[in-house]
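A short worksheet on the structure shown next.
The values are calculated or read from the model by the stated rules, or taken from the named source; none is laboratory data. No experiment lies behind these values; they were computed from the predicted model shown. Cβ atoms come from the backbone with ideal geometry, glycine included; neighbour counts cover every protein chain shown. We work out accessible area using only protein heavy atoms, side chains counted, and drop any ligands, DNA or RNA first. Shrake-Rupley method; radii C 1.70, N 1.55, O 1.52, S 1.80 Å.
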Amino acid sequence: MKATEIERKFLVRNDSWRAFAGAPHLLQQAYLCRRDQNPVRVRLIDGCSARLTIKFRTPGLAREEYEYEIPVDEARDLLLHAGGRVIEKTRYRVLHDGKSWDVDVFAGAYEGLTLAEIEMASEDEQPNLPQWLGREVTGRKRYSNRAMAAALRFSPAASNAAG
């Protein structure tokens, strides 16, 4: 299914978001091609569903996104063929001021890193930002899942400092 994704991303300052968090979902995801412009991602969700996603960058914050449900066994096979490391994270939906935020708590190579994202209806939207957010990292390649999958090293302790 085709969609347009417009999102902002932030470091998370503290754990006060947990009081408003929904059920956790364990995500494993990896990228199947090395092109920076149009990544192809496979994602396994709670070990029981899977999706293949292709994203196309457009000017500004928006990205065209094509996402398809795929068989879990095929997703597991595709994860083995990933270019780079498999990203492991637990995702929580957190409601704040009528908006849904995704808070990702990373594990594995990125343990200690927590990021929050909000999807918006337009680039002009100005959501009310929760107090538990730290510095905005929208557009900073270092914090894209694609770049993290390709990176050799990362220091989440230094990166997660609020600012």
Loop only per DSSP, at most 11 neighbouring Cβ atoms within 10 Å: give me the trypsin sites (Lys or Arg not before Pro) in the stretch 1-54, ordered by residue number. ARG34, ARG35
Going by amide H atoms built from the backbone, whose H comes under 5 Å of the H on SER49, apart from near neighbours? none
Counting sequence-distant residues (5 or more places) and residues on other chains, those with an amide H built under 5 Å from that of GLU7 are MET120
Per the helix-only model, the chain has a calculated mean residue ellipticity at 222 nm (DSSP H runs of ≥4, -39500 (n - 2.57) each, divided over all residues, rounded to the nearest 500) of -2500 deg cm²/dmol
Counting only residues 5 or more apart in sequence or on a different chain, those whose built amide H sits under 5 Å from that of ARG135 are LEU11, GLY163
Expressed in angstrom and rounded, the centroid-to-centroid distance over alpha carbons for the stretch 47-106 and the stretch 1-46 is 5
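Quick check on the chain: take the gyration tensor over C-alpha atoms, sort the square-rooted eigenvalues as a ≥ b ≥ c, and tell me if it's rounded (a/c under 1.5), prolate or oblate. Let's see the in-between values first.
Details: a/c = 1.44, a/b = 1.29, b/c = 1.11.
Because its axes are fairly even, with a/c under 1.5, the chain counts as rounded.
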Residue span GLU125 to ASP73: 0.36 nm per residue of separation minus Cα-Cα distance leaves a gain in nm of 14.8 nm
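Taking 41 Å as R0, compute the FRET efficiency from the Cβ-Cβ separation of ARG63 and ALA19 and round it to 0.05.
Working: r = 31 Å, r/R0 = 0.76.
For ARG63 and ALA19, the calculated efficiency is 0.85.
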As a test of reading the structure, rank LEU26, LEU95 by solvent-accessible area (1.4 Å probe, protein chains only), most first. LEU95, LEU26
Using the charge dipole of the chain (Lys, Arg: +1 at Cβ; Asp, Glu: -1 at Cβ; taken about the Cα centre), state which of GLY139, SER16, GLY47 has its Cα farthest towards the positive end. GLY139
